[in-house]
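The values are calculated or read from the model by the stated rules, or taken from the named source; none is laboratory data. Being a predicted model, the structure only gives us computed values, none of them experimental. FYI the Cβ positions are ideal-geometry reconstructions off the backbone, even for glycines, and counts take in every protein chain you see. Remember, those area values only see protein heavy atoms, side chains included, never the ligands or the DNA or RNA. Shrake-Rupley method; radii C 1.70, N 1.55, O 1.52, S 1.80 Å.
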Amino acid sequence: MNQRPARKTSPLIVAASQLSLFSALILMLSFIGPGISLGQAPAADLLKLPKGFNAELLYSVPDEQGSWVSMTYDPQGRLIASDQYGQLYRITPHSDGHVEVEEIELTIGFAQGLLCAFDSLYVVSYGIDPKAKGKNKVKNAAADQAKLPAGLYRVRDTDNDDKYDNVELLREFVGKSEHGPHAVILSPDKKSLFICAGNATEIPHPETSRVPMIWQEDQLLTRLPDARGHAAGRLAPGGWICKTDPDGKSFELVAMGFRNEYDIAFDPNGELFTYDADMEWDVGLPWYRPTRVCHVVSGSEFGWRNGSGKWPEYYPDSVPPVLNIGPGSPTGITFGTGAKFPADYQNALFISDWSYGMIYAVRMEPHGSTYQATKEKFCSAPALPVTDLVISPTDGAMYFLIGGRRSQSALYRVSYVGDESTVAAPYPPTVPAVAVRRKLESYHLPNSKPDLNYVWDKLGDPDRLIRYAARTALEHQPLGSWADRAFQETDSQRTLELMTAVARMGDKEQQAAVVASLSRLAWNSLSTNQRVHLIRDYGLVLCRMGQPTEQTRATIQTLAKYFPTREEMLDRELSKLLIAVDCAEATEPIVNLLLSPSAQEPQIAYAMMLSDAKTGWNQSLREKYFEWFLESAKSKGGNSFGGYIDNVRKQAIESLSDAERLALASVLEKKAEVVDPYADLKARPVVKQWTMHDLLPKDDKVFANRDLENGKKMFALASCYRCHRMEGQGGIVGPDLTPAGHRFNTKDLIETIIDPSKEISDQYEATIFQMEDGRMITGRVANLNGENYMVQEDMIDPGRFTNIKVAEIEAMKPSKVSMMPVGLLDTLTKDDILDLLAYLKVVGQRAASSESQ
C-alpha cells in the first residue's frame with residue numbers, strides 16, 4: 001500500500017528511489033523467495049508476455065562463445081548467429097529441447113547482419129582483427145594476414161559438404177563499431193539485397209541514388225558539436241540504406257539521414273521500415289529525437305545531423321517517423337509474417353530495445369500513402385538486452401537473442417499456446433494513395449523521363465509523402481527544364497514545394513526569383529504547416545543560395561510583424577530565421593519567450609539562438625539573458641546536457657565587446673549553483689494534501705471556460721515536463737501525456753497523479769536491486785556493459801546512472817512503487833488543478849482530432 005509522507009511547511013516530494021525506512025524493510029522481506037538468477041540469462045518464466053504466449057530459454061551461451069548479436073535462418077531451417085566480437089555459429093534447436101551448436105570455422109565474424117539467400121550466406125562484418133585474443137578471436141585467422149575490412153561478404157559451400165568453405169568480399173565499407181554496417185535482408189521480389197548502416201559508416205560509393213545527391217548540412221545558425229565530442233566531425237548523410245544485386249556489383253542509395261538504424265524489414269506489401277536510434281546524451285535538449293519507427297520511402301531523408309544540428313521532424317524536406325518510441329537502443333526488427341500467432345500479431349512489426357529489455361509489437365494503420373502506428377509491449381524482463389529476432393519458417397515461433405557488449409547471451413523461443421486461431425491471416429492491402437506515391441517514386445533515378453504534368457499536379461497533393469515523392473522526382477531533373485514554370489506557379493502549396501526544390505539545387509542566380517515567389521504568399525492565408533514550410537524555404541535560400549541580398553534580407557525581416565505567434569513550432573523557426581537576417585526587433589520578444597514558463601527544451605533553443613543574435617540588445621535584455629543561465633542549473637538531461645549549456649553561454653560571451661563584458665561583469669562572474677529540480681514547487685506553501693474525494697467533479701462541465709494558459713503554466717510548475725512530453729516538448733523517461741486527456745476519463749486522470757503507484761505500466765516499472773553490502777538500489781536498467789548494469793534511479797535526472805556489478809547483486813525484484821513522485825499537486829490550488837486538467841483534456845482532444853485527419 002502506498003503510504004503518503006508526513007507534511008510540514010513545505011511539500012516533501014518523494015521519489016521511488018527515496019524510500020522510507022519502513023518501506024525499505026518491507027522490500028527487504030519481500031526478497032525472500034524466488035528471484036532473478038544472477039550471472040545467467042533471465043529464466044523464461046520471468047519474461048512478461050501477452051496472454052496465451054509462452055517463452056522458453058533454449059540456450060544460454062557459454063562465455064567462450066561470446067555474446068551473440070545477429071542471426072538468420074539457413075535453407076535447412078537452422079539458425080546462424082554471430083558473436084559481436086568473434087565468429088559465427090550454427091544452431092539447431094530440436095523438438096525435445098536439445099540445442100546443437102557448432103562453430104563455423106572460417107575467417108569471418110564480427111557480424112551485425114546475416115542472410116541466407118542465392119545459395120550463399122551474406123555477412124555484414126565490421127572488420128576482423130586476426131591478432132585478437134580471447135573473446136575477440138576469430139578462429140583460423142592467420143597471424144600474418146592483414147585485418148579484414150568491414151564490408152559485405154559472401155560465404156559459400158563450394159563442395160556441397162554442408163560446411164562453408166569460401167569467403168568473398170563483395171563491397172568494402174568504411175566504418176566500424178556499433179554505428180557501423182548492420183543488417184542485410186532480401187528484397188520483396190527476392191532478386192536483390194538491402195543493407196543498412198549507422199552514421200559512422202560512409203556511403204559505399206553507390207553507382208546510383210534515389211536520394212538526390214545534393215544533400216548539405218542546412219544549418220541556419222551556429223551548430224554546436226556534441227559537448228563530449230561524439231560524432232563531432234561526422235556530416236550528412238549519416239546512416240543509410242542501400243540496395244544491391246546478389247553479387248554486390250551495383251549499389252543504389254535508397255534513404256539517408258538516420259542515426260543508427262540496426263535492422264530493416266519489409267511488410268508483406270513491400271513497404272520498408274526501420275527502427276532508428278536516439279542520441280541518449282541529448283535527453284533534455286531541444287534537438288533530442290527519441291528512438292523512432294520510420295517508413296523508409298524512396299529517396300527519403302530523415303534529417304540526422306551531428307550535435308545540435310538534428311532536423312525537427314516537421315521540416316518539409318525530410319520524412320517524419322510513423323511512431324516515436326522514446327529512449328532506448330534499437331536492435332533487431334521483423335514483421336510477424338509467417339508466425340503461428342493470432343492475426344493481430346502476424347501483421348505486427350516487432351522491434352527490439354536493447355537498453356530497456358523490451359520487444360514491442362507495432363501495429364500500422366494506413367494514413368494516406370504512409371502509416372500511423374501504435375505500440376504494445378510484447379515481451380520484457382529486467383536485464384533482457386535483446387539483439388535480434390526472427391520468425392521461424394519451420395515452426396512459426398519467434399526466436400530471439402540477448403547479448404551484446406560481452407553481456408550474458410542466450411537464445412529464446414516464444415510460441416503461442418492460447419485459444420485464438422493462428423491460421424495465416426491476410427495482410428491489409430495498400431490504399432490507392434500508395435500507388436500514387438509509388439508511381440512518383442519510379443521517377444527517382446537520374447535520366448528518368450517523368451510525366452512532368454503528373455508530377456506537377458501531385459506537388460499540391462494534401463498527402464505529405466506524395467508531395468515529397470513529387471519534389472524528389474523534380475530534383476532528379478535538370479533545373480533548367482522546369483524552373484521557369486516553377487516561378488509562374490500561383491498555387492500556394494505547389495509554390496512552397498517548388499521553391500524547396502529550387503533552393504536545394506543551389507543555383508545562386510535564382511535567389512531573387514525564389515524570394516519573389518515566396519513573398520507573394522500571404523501569411524494569413526497559410527496553414528500552420530505551410531507557414532513552417534515558408535520559413536524553411538527562406539532558410540534554405542540563406543543556406544544554399546549564396547550571400548543574401550539586401551532585398552532578400554528585407555523581405556524576410558517583414559515576417560517580424562507576425563512574431564511571436566504563440567505557436568511553439570512557428571515561434572522557434574521564426575526566431576531562428578529572424579536572427580539569421582539580423583532582425584533587431586525580434587531580439588526582445590525572443591528573450592521574453594526564453595523567460596516564459598515552459599518546458600526546458602524551448603528555453604534552451606531560444607538561449608542558443610540568442611547566442612547568435614548580433615542586434616536588438618540593450619543592457620537589461622543582456623542581464624536577463626545571462627541570468628537565465630544561472631536559473632538553468634535546475635534543469636537536467638543526458639550526459640552532454642551540461643556541456644551544451646556551458647558552450648552556449650561561452651559562445652554568447654565571445655560575441656560581446658570588451659565594453660559589454662565590463663558592463664555585465666556582475667552577472668557573468670556569478671556561478672550557477674546546483675539547484676533542487678523541485679525547488680520552485682517546494683518554495684510554494686502547501687495548499688492541501690489533495691485526495692480523489694477533493695478533486696473528482698460531479699461532471700466535466702467544471703472544465704468549461706478554464707484558464708488554459710494557467711493550466712499549461714501549472715504543467716511546467718508541477719515538474720511534469722521533466723519526465724513527460726506534451727505536444728513535442730518535455731522529457732522522455734515517462735509516457736507521452738499528449739493523448740492522455742482524451743484517452744483517460746477524469747477519474748483515471750486524477751488518480752494517476754494522486755496515486756501513481758496504484759497502476760504501474762510494465763514499460764516504466766523499476767527494479768529493486770539488493771546488493772551484497774546491504775544497499776538497495778531502485779531504478780530501470782538502461783544500459784549494460786559486460787558484467788555491469790547501468791541503472792537510472794531518478795527520472796528527473798535521466799543522464800545520471802548508478803553502475804552496479806552483476807556479481808554483487810544478491811537479488812532483484814520488480815518495484816511496486818512508481819518512479820513518479822507523489823505530492824506534486826499539493827502546492828496547487830483547486831482552481832490551478834482544474835486548469836491543469838482542462839489543459840490536459842484540450843491537448844488530448846486536439847491530438848485525437850489531428851490523428852483522425
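Count, please, the residues in segment 454-480 that happen to be among the small types (Gly, Ala, Ser) and either free of Cβ contacts under 8 Å to residues at least 12 places away in the same chain or not in a helix (DSSP H, G or I) (or both).
The total comes to 2.
For residue 833, indicate whether it is closer than 29 Å to residue 691 by Cβ, open to solvent by less than 10 Å² (accessible area, probe 1.4 Å), modelled with pLDDT of 85 or more and in a strand (DSSP E or B).
It is false that residue 833 is closer than 29 Å to residue 691 by Cβ, open to solvent by less than 10 Å² (accessible area, probe 1.4 Å), modelled with pLDDT of 85 or more and in a strand (DSSP E or B).
Got a sec? Which of 411, 384, 401, 440 is over 26 Å from residue 83 (Cβ atoms) and either in contact with a strand residue (DSSP E or B) (Cβ under 9 Å, 6 or more places away or on another chain) or of a type outside the set (Val, Ile, Thr) (or both)?
440
Given the structure, is residue 262 surrounded by fewer than 24 Cβ atoms within 10 Å (Cβ to Cβ) and either in contact (Cβ under 8 Å) with a residue 24 or more places away in the chain or touching a helix residue (DSSP H, G or I) at 6+ places or on another chain (Cβ under 8 Å) (or both)?
No.
Going through segment 640-687 one residue at a time, which ones are among the hydroxyl-bearing types (Ser, Thr, Tyr), crowded, with 17+ Cβ neighbours inside 10 Å and either at pLDDT below 90 or within 28 Å of residue 620 (Cβ to Cβ) (or both)?
644, 678
Are there any pairs with C-beta distances below 8 angstrom linking a residue in segment 721-748 that is open to solvent by less than 60 Å² (accessible area, probe 1.4 Å) and modelled with pLDDT of 70 or more to a residue that is among the aliphatic types (A, V, I, L, M) and in a strand (DSSP E or B), with the two at least 6 apart or on different chains, and if so which?
737/726; 738/726
Which count do you get for residues in segment 592-624 that are of a type outside the set (A, V, I, L, M) and under 26 Å from residue 720 (Cβ atoms)?
10
Condition check: at pLDDT 95 or above, under 30 Å from residue 804 (Cβ atoms) and touching a strand residue (DSSP E or B) at 6+ places or on another chain (Cβ under 9 Å). Does residue 335 satisfy that?
no
Can you list residue pairs whose Cβ atoms sit under 8 Å apart, with the first residue in segment 94-123 being within 24 Å of residue 185 (Cα to Cα) and the second being assigned to a strand (DSSP E or B) and open to solvent by 70 Å² or more (accessible area, probe 1.4 Å)? Count only pairs 6 or more apart in sequence or on different chains.
119/156; 120/156; 121/156
Between residues in segment 173-198 that are over 23 Å from residue 84 (Cβ atoms) and residues that are of a type outside the set (Phe, Trp, Tyr) and assigned to a loop (DSSP other than H, G, I, E, B), which pairs lie under 7 Å by C-beta distance while being six or more apart or on different chains?
188/270; 192/245
Quick check, is residue 274 in contact with a strand residue (DSSP E or B) (Cβ under 7 Å, 6 or more places away or on another chain) and surrounded by 24 or more Cβ atoms within 10 Å (Cβ to Cβ)?
yes
Looking for something open to solvent by less than 10 Å² (accessible area, probe 1.4 Å) and either in a helix (DSSP H, G or I) or closer than 30 Å to residue 95 by Cβ (or both) - is there at least one such residue anywhere in segment 443-452?
no
Which residue is surrounded by the fewest Cβ atoms within 10 Å (Cβ to Cβ), if the candidates are limited to segment 60-115 and must be of a type in the set (Asp, Glu) and under 23 Å from residue 355 (Cβ atoms)?
63
Report the residue count in segment 227-261 for those that are more than 23 Å from the chain's Cα centre (by Cα), assigned to a loop (DSSP other than H, G, I, E, B) and of a type in the set (Asp, Glu).
2
Residues to consider are 520, 504, 485; find the one that is among the charged types (D, E, K, R) and either closer than 25 Å to residue 369 by Cα or in contact with a helix residue (DSSP H, G or I) (Cβ under 6 Å, 6 or more places away or on another chain) (or both).
504
Taking the residues in segment 168-226 that are part of a loop (DSSP other than H, G, I, E, B) and β-branched (Val, Ile, Thr) as candidates, determine which candidate is most open to solvent (accessible area, probe 1.4 Å).
174
Of all residues in segment 280-314, which are touching a Leu at 6+ places or on another chain (Cβ under 9 Å), assigned to a loop (DSSP other than H, G, I, E, B) and β-branched (Val, Ile, Thr)?
297
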